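Just below is one structure, and these are the notes that go with it.
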Amino acid sequence: MSKIDETALVPKYRFPEFRDSGDWKSDCLGKLSLILRGGSPRPIDSFLTNDINGLNWLKIGDVNKEAKYIYKTSTKVVKEAFSKTREVQPGDLIMSNSMSFGRPYILKIKTCIHDGWIAVTEIKDFIIANYLYYFILSNESQKYFLNAAAGGGIKNLNAEIIKLLLIKLPLKDEQQKIADCLSSLDDLIAAEDKKLDALKTHKKGLMQKLFPAEGKTVPEWRFPEFRDTGEWQNKKLGQFANILMCKRIFSYDTNQNDGVPFYKIGTLGGIPDAFISQELFDDFKFKYNYPKTGEILITCSGTVGKCVPYDGKDAYYQDSNIVWIDNPSLEVTNELLFNLLGNENWAKLSSTTITRIYGSDLRGLSIVFPENKEEQQKISNFLSSSDSLIFAQTEKVEGLKMHKKALMQGLLPALEKLNV
């Protein structure tokens, strides 16, 4: 880094008590902390232990991607592994060099980390770790990681890239104020997320009663007017529908700000973090497969089986990771199909051992449904009230997340006049 225009070191929003505190300072993260990669004793199985006195061993799978803090690990290693790994302390930050790309976590425990983690440790005492967490999480920092990371389709971070991240710092009291403000918003988002989970759990309970249990053809609960209309039909999804996906979009076709939303498995049903040009969207929509309004989009990788009805708005979807159910016959209405798929036990598919649903899995899926369209509609209407509550709560949560994103952009100054 060379010269910085200091006029850029003032945020858009500033708490009143700090408006006369002067400009912020800046320095590379590598000068404000020690950046170290983890280490893995091999073969790891020979170092694992059930001894409660063993060393905590943090794996990628132990971490909730949406979490802020790490409180526990699922496994431990023997003390002899210490020389072959890296021990980090409560208050340190860690980042994966590939998974959850560029996302920091704050440790609440002492633990060893494998070589897939990079630690931010020995943080200078004039820096609040909670503030540093939010700064690394900010849009500007994430853009830096994305642009600097090595690799083509799969991006990878390393310690040298992380060391060069430019950190902008007010005095410690102002850091604390910013961190407290954003933390309180995170607490509110977490509380509203719990309400959303409760609504989804309630709907799940209703569906277990309204749809037949596995191996059955009659549900436990049935509306009185349909109790004498016989058993439900059982067909493979591929007998009346097809599985389609969008044309592949490459990373160089996307941007983070403008155009038609491009949804990936992590953003489907939420806020997009990538966009494609209107021209490319119009061209691909005309030339290739594209969902019809009401058809069900479904995630096939990562968090498998998340279903979202296509709302008819311009949007594009990540090929193979998101597919949709092409349902021209409407033998099963899209509304009922949405609920049936939402009630599906995806764990029974052998392919989900590698967290992926394949087209053959979906085409071979048994769909049990009432032949009577009036009964289909009655069930869908009954569940739609739950859907409305879930949708409203989802909108509330997403609105709070957007508010947080805007607040972070306002509370943290952008170095648009940085000379490199």
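Out of Phe47, Phe82, report the one residue that is surrounded by 19 or more Cβ atoms within 10 Å (Cβ to Cβ), of a type outside the set (S, T, N, Q) and free of Cβ contacts under 8 Å to residues at least 40 places away in the same chain. Phe47 is the lone residue from the list that is surrounded by 19 or more Cβ atoms within 10 Å (Cβ to Cβ), of a type outside the set (S, T, N, Q) and free of Cβ contacts under 8 Å to residues at least 40 places away in the same chain. The number of residues in region 354-383 being small (Gly, Ala, Ser), assigned to a helix (DSSP H, G or I) and in contact (Cβ under 8 Å) with a residue 24 or more places away in the chain comes to 2. When Asn97 is tested against (1) of a type in the set (S, T, N, Q); (2) out of contact with any Leu (no Cβ under 8 Å at 6 or more places or on another chain); (3) closer than 25 Å to Asn156 by Cα, exactly one condition is not met: (2). A count restricted to region 56-73 and to residues that are more than 16 Å from the chain's Cα centre (by Cα), farther than 15 Å from Asp92 by Cβ and either in a loop (DSSP other than H, G, I, E, B) or of a type in the set (S, T, N, Q) (or both) stands at 2.
Do we have any residue at all in region 181-189 that's outside any loop (DSSP other than H, G, I, E, B), at pLDDT 90 or above, among the small types (Gly, Ala, Ser) and not assigned by TED's automatic domain parsing to the domain that holds Ser83?
Looking through region 181-189, at least one residue is outside any loop (DSSP other than H, G, I, E, B), at pLDDT 90 or above, among the small types (Gly, Ala, Ser) and not assigned by TED's automatic domain parsing to the domain that holds Ser83.
Scanning region 114-162 for residues that are charged (D, E, K, R) and in a helix (DSSP H, G or I), we see that the one that is modelled with the highest pLDDT is Glu160. Restricting attention to region 274-295, the residues that are closer than 14 Å to Tyr310 by Cα and β-branched (Val, Ile, Thr) total 1.
For (1) closer than 28 Å to Asn255 by Cα; (2) aliphatic (A, V, I, L, M), each residue gets a yes or a no:
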| residue | (1), (2) |
| --- | --- |
| Tyr133 | yes, no |
| Lys143 | yes, no |
| Ala149 | yes, yes |
| Asn156 | yes, no |
| Ser184 | no, no |
| Lys194 | no, no |
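Residues checked against (1) surrounded by 14 or more Cβ atoms within 10 Å (Cβ to Cβ); (2) closer than 27 Å to Gly38 by Cβ:
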{"position": "Asn156", "(1), (2)": "no, yes"}
{"position": "Ala159", "(1), (2)": "yes, yes"}
{"position": "Lys163", "(1), (2)": "yes, yes"}
{"position": "Pro170", "(1), (2)": "yes, no"}
{"position": "Ala179", "(1), (2)": "yes, yes"}
{"position": "Ser184", "(1), (2)": "no, no"}
{"position": "Ala191", "(1), (2)": "no, no"}
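Can you work out which of the residues in region 215-264 that are among the small types (Gly, Ala, Ser) and touching a strand residue (DSSP E or B) at 6+ places or on another chain (Cβ under 6 Å) is nearest to Gln278 (Cα to Cα)? Once the filter is applied, the top-ranked residue is Gly259. Listed by first and then second residue, the pairs linking a residue in region 384-399 that is of a type outside the set (Val, Ile, Thr) to a residue that is part of a helix (DSSP H, G or I), with Cβ atoms under 6 Å apart and 6 or more places separating them unless they lie on different chains, are Ser386/Lys203; Leu389/Leu199; Gln393/Lys195; Gln393/Leu196; Gln393/Leu199; Lys396/Glu192.
Selection of strands (runs of 3 or more DSSP E) fully inside region 74-113 by the criterion of at least 2 residues being assigned by TED's automatic domain parsing to the domain that holds Asn56 and closer than 15 Å to Gly39 by Cα returns 75-77, 86-88, 93-96, 111-113.
I'd like to know if region 240-260 contains one or more residues that are of a type in the set (A, V, I, L, M, F, W, C), touching a Ser or Thr at 6+ places or on another chain (Cβ under 7 Å) and closer than 28 Å to Ala392 by Cβ. Within region 240-260, not a single residue is of a type in the set (A, V, I, L, M, F, W, C), touching a Ser or Thr at 6+ places or on another chain (Cβ under 7 Å) and closer than 28 Å to Ala392 by Cβ.
The values are calculated or read from the model by the stated rules, or taken from the named source; none is laboratory data. The structure displayed is predicted, hence computed values, not measured ones. A quick note on method: Cβ atoms are made from the backbone with ideal geometry, for glycine too, and the neighbour counts reach across all protein chains shown.
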